[in-house]
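The values are calculated or read from the model by the stated rules, or taken from the named source; none is laboratory data. Small disclaimer: the values here were computed from a predicted structure and weren't measured. Note that each Cβ is placed from the backbone with ideal geometry, even for glycine, and that neighbours are counted across all protein chains shown. Note: accessible area is taken over every heavy atom of the protein model, side chains too, but ligands, DNA and RNA are not part of it. Shrake-Rupley method; radii C 1.70, N 1.55, O 1.52, S 1.80 Å.
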There are 2 protein chains.
Amino acid sequence: MSQLFDTIIIGAGSAWLPAGMYASRYKLSNIIIGELPGGALATSHCVENWPGVLSETGKTIMDDFAKHAIAAGSTILQERVESVAKDGEYEFTVKTTTGKEYQAKTIILATGNKYKKLGVPGEAELIGQGVSYCATCDGNFFWGLKVAVVGGGNTAITEALYLAEICSEVHILIRTDKIRAEDIWVDKAKKHSNIIFHYFTEVAEIQWGMMGMTGILCKDGSTLALDGIFIAVGNEPFTGLVDHLSPEKDSEGCLVVDKRQETTVRWLYAAGDVTTNSNKFRQTIMSSAEGCLSANSVHEDILRIGE
Amino acid sequence: MSQLFDTIIIGAGSAWLPAGMYASRYKLSNIIIGELPGGALATSHCVENWPGVLSETGKTIMDDFAKHAIAAGSTILQERVESVAKDGEYEFTVKTTTGKEYQAKTIILATGNKYKKLGVPGEAELIGQGVSYCATCDGNFFWGLKVAVVGGGNTAITEALYLAEICSEVHILIRTDKIRAEDIWVDKAKKHSNIIFHYFTEVAEIQWGMMGMTGILCKDGSTLALDGIFIAVGNEPFTGLVDHLSPEKDSEGCLVVDKRQETTVRWLYAAGDVTTNSNKFRQTIMSSAEGCLSANSVHEDILRIGE
């Protein structure tokens, strides 16, 4: 009979390592399972918004998170989770793609969120070197430069407004002539002297030279010289592992959680960008805090059931 | 005519410096005003639960937060705020005790929460050397040792249950014979072999010797040898500066905020332990996250009102 853990934390969003660290502080037996140690942040070449750290690579920050979780008593398994089954009132089985199985009373899902990609040549190659999916995270690297924002939703237009304070020109590229964002944002963007709207405009290729990104080629054959491009065409929260348990989700597919980070599936908690909490403020500081809070909630709830 | 800032962040909870750092990242003109740089955490001699930092003094962590806020563009004024007036739809005046006045469109209140004190000899002298107000924060320093928890509410009893996994003995000291905590916690605590209840017991003095805390003297003249004491007799959120604006509060006096950290007073935001958010998870990681989120919300709302 295998061990029944108090909780299994499934990564690799940035919530997972702090969740494990706090779970261990609460003396909860736990393992942290995820494919990439550190998730999306670990791939950032320069992070300047983790409080107390002026500038560091995402990998260094995440390595420190991992060391902290291990020092606190967590075990990190670098594997891909294949399935999560709910076997009983508080009993889950987690299977990995290498065939291993683990049981736990609770699950903390911290699988994060994937920014939708354009899927064009140059996009993957230039991530962190011109291509970004988060203006709050990366805008400051583009002081005085020319950038584009792809998308017509609230995120795209508010990111453009933010970037307009930093960059010399902000080009908003919209596939049709319809802007989905609220009028208030659109009106403000249209009044902004350095925001330029481009309708019926689709990116065909992101181009680069010796010094990094140089511009884009559009599907109509036109080109635009740019130093950076922010892609804001939607998000895909990674809920696939628990969808069969029918947790409540919002219109974007994020898991609805309460103030304690519990989903509508009892004993299933979630933290970070896979959830609705925190007004979709997709920042490492918030994901980390939610991870810690979810460990606190697991501790409270396990105390309630325990012997 | 003095400058109208986008936001003034009033400390000194741990939310304030990250709030300023994010406000500056969003290009919001801001000042951070507070008496103590760093708040309660800055007085901790050993912090082991800030993600990525295995062990550090609270002062070092807060100094790093302050440097980060300044590097991002914030100004920190180390002064006591005397009053906050709401002059118009989005116009506040903040006065300090030295007579200075500052105007801002919005306020982020991050004044934190004070743990109620017993007010007995030895208490103030032994903070961080036996006396603690937070088991989650400090419990790990008492492995295998004898401690007491003062109080009979949910916080006191759940802290005792947590400490019982770490400490050799946990004495719960209750003033009457009434325990306010939920039965489920009390039943669990009563079953615990190393939790001992003491009724009609009030601390008169916390005693120490050459090596730190030695025990307590009770009002009935009895004594108890102890290595540590956790005081859980309630909290006082610092809302005094805004009480005249009649923000909604919960039964503990914490400011009710929405998912965006806005209080029920328009243009007044709050973050950290002074608020109801985050299930009263009074941890630096959560306060910091709420500070950052409140800056994000101020940015969104100021964009909406325009010039």
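Remarks
- Members of the stretch A:273-300 that are away from every other protein chain (no Cβ under 11 Å) and open to solvent by less than 10 Å² (accessible area, probe 1.4 Å): A:Val274, A:Thr275, A:Val298
- Scanning the stretch B:79-93 for residues that are under 17 Å from B:Glu35 (Cα atoms) and open to solvent by 70 Å² or more (accessible area, probe 1.4 Å) returns B:Arg80, B:Glu82.
Yes or no, residue by residue, for (1) modelled with pLDDT under 90; (2) touching a Ser or Thr at 6+ places or on another chain (Cβ under 6 Å); (3) surrounded by 18 or more Cβ atoms within 10 Å (Cβ to Cβ):
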{"position": "B:Gly144", "(1), (2), (3)": "no, yes, no"}
{"position": "B:Val149", "(1), (2), (3)": "no, no, yes"}
{"position": "B:Ala160", "(1), (2), (3)": "no, no, yes"}
{"position": "B:Ser168", "(1), (2), (3)": "no, no, no"}
{"position": "B:Arg180", "(1), (2), (3)": "yes, no, no"}
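- Residue ranges of strands (runs of 3 or more DSSP E) in the stretch B:85-141 with at least 3 members not hydroxyl-bearing (Ser, Thr, Tyr): B:91-96, B:101-109
- Checking each residue in the stretch B:65-78 for being in contact (Cβ under 8 Å) with a residue 40 or more places away in the chain and surrounded by 15 or more Cβ atoms within 10 Å (Cβ to Cβ) picks out B:Phe65, B:Ala66, B:His68, B:Ala69, B:Ala72, B:Gly73, B:Ser74, B:Ile76, B:Leu77.
- Unmet criterion (only one of (1) in contact (Cβ under 8 Å) with a residue 24 or more places away in the chain; (2) within 14 Å of another protein chain (Cβ to nearest Cβ); (3) farther than 25 Å from B:Gly128 by Cβ) for B:Leu255: (2)
- Contact map, the stretch A:272-292: first residue closer than 15 Å to A:Thr136 by Cα, second residue assigned to a helix (DSSP H, G or I) and of a type in the set (Val, Ile, Thr), Cβ cut-off under 8 Å, separation 6 or more or different chains; pairs are A:Gln283/A:Thr136; A:Thr284/A:Ile61; A:Ile285/B:Ile285.
- When the stretch B:142-170 is filtered for residues that are touching a helix residue (DSSP H, G or I) at 6+ places or on another chain (Cβ under 7 Å) and in a loop (DSSP other than H, G, I, E, B), the ones remaining, listed by number, are B:Ile166, B:Cys167.
- Scope the stretch B:1-12; condition open to solvent by 10 Å² or more (accessible area, probe 1.4 Å) and within 21 Å of B:Arg282 (Cβ to Cβ); matching residues: B:Gly11, B:Ala12
- Qualifying residue in the stretch B:228-239 (condition: open to solvent by 20 Å² or more (accessible area, probe 1.4 Å), among the small types (Gly, Ala, Ser) and either touching a helix residue (DSSP H, G or I) at 6+ places or on another chain (Cβ under 9 Å) or within 14 Å of chain A (Cβ to nearest Cβ) (or both)): yes
- Residue ID - most open to solvent (accessible area, probe 1.4 Å), chosen from residues in the stretch B:193-209 that are of a type in the set (S, T, N, Q) and in contact (Cβ under 8 Å) with a residue 12 or more places away in the chain: B:Gln207
- Within the stretch A:258-272, the only residue that satisfies the criterion of being within 11 Å of chain B (Cβ to nearest Cβ) and out of contact with any helix residue (DSSP H, G or I) (no Cβ under 7 Å at 6 or more places or on another chain) is A:Asp258.
- Conditions (1) farther than 27 Å from A:Asp301 by Cα; (2) free of Cβ contacts under 8 Å to residues at least 12 places away in the same chain; (3) crowded, with 16+ Cβ neighbours inside 10 Å; (4) not acidic (Asp, Glu): number failed by A:Met62: (2)
- Count of residues meeting criterion [modelled with pLDDT under 95 and either assigned by TED's automatic domain parsing to the domain that holds A:Ala270 or open to solvent by 50 Å² or more (accessible area, probe 1.4 Å) (or both)] in the stretch A:120-142: 5
- If you check A:Thr111, A:Thr96, A:Thr106 for being β-branched (Val, Ile, Thr), touching a Phe, Trp or Tyr at 6+ places or on another chain (Cβ under 6 Å), away from chain B (no Cβ under 11 Å) and open to solvent by less than 10 Å² (accessible area, probe 1.4 Å), only one passes: A:Thr106.
- Of the candidates B:Gly253, B:Gly221, the single residue that is in the same structural domain as B:Gly153 (by TED's automatic domain parsing), farther than 24 Å from B:Gly144 by Cα, surrounded by fewer than 19 Cβ atoms within 10 Å (Cβ to Cβ) and not hydrophobic (A, V, I, L, M, F, W, C) is B:Gly221.
- All positions within the stretch A:152-187 that are more than 12 Å from chain B (Cβ to nearest Cβ), in contact (Cβ under 8 Å) with a residue 60 or more places away in the chain and farther than 18 Å from A:Ile216 by Cα: A:Gly153
- Any hit, the stretch A:92-107, residues being within 14 Å of A:Ala15 (Cβ to Cβ) and at pLDDT 95 or above: yes
Results for (1) open to solvent by 40 Å² or more (accessible area, probe 1.4 Å); (2) touching a Pro at 6+ places or on another chain (Cβ under 8 Å); (3) of a type in the set (Phe, Trp, Tyr); (4) at pLDDT 90 or above, shown as yes or no for each residue.
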| residue | (1), (2), (3), (4) |
| --- | --- |
| B:Leu17 | no, yes, no, yes |
| B:Gly20 | no, no, no, yes |
| B:Ser29 | no, no, no, yes |
| B:Pro37 | yes, no, no, no |
| B:Cys46 | no, no, no, no |
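- Of all the listed residues (A:Val120, A:Val147), the sole one being touching a Phe, Trp or Tyr at 6+ places or on another chain (Cβ under 7 Å), closer than 19 Å to A:Leu224 by Cα and away from chain B (no Cβ under 12 Å) is A:Val147.
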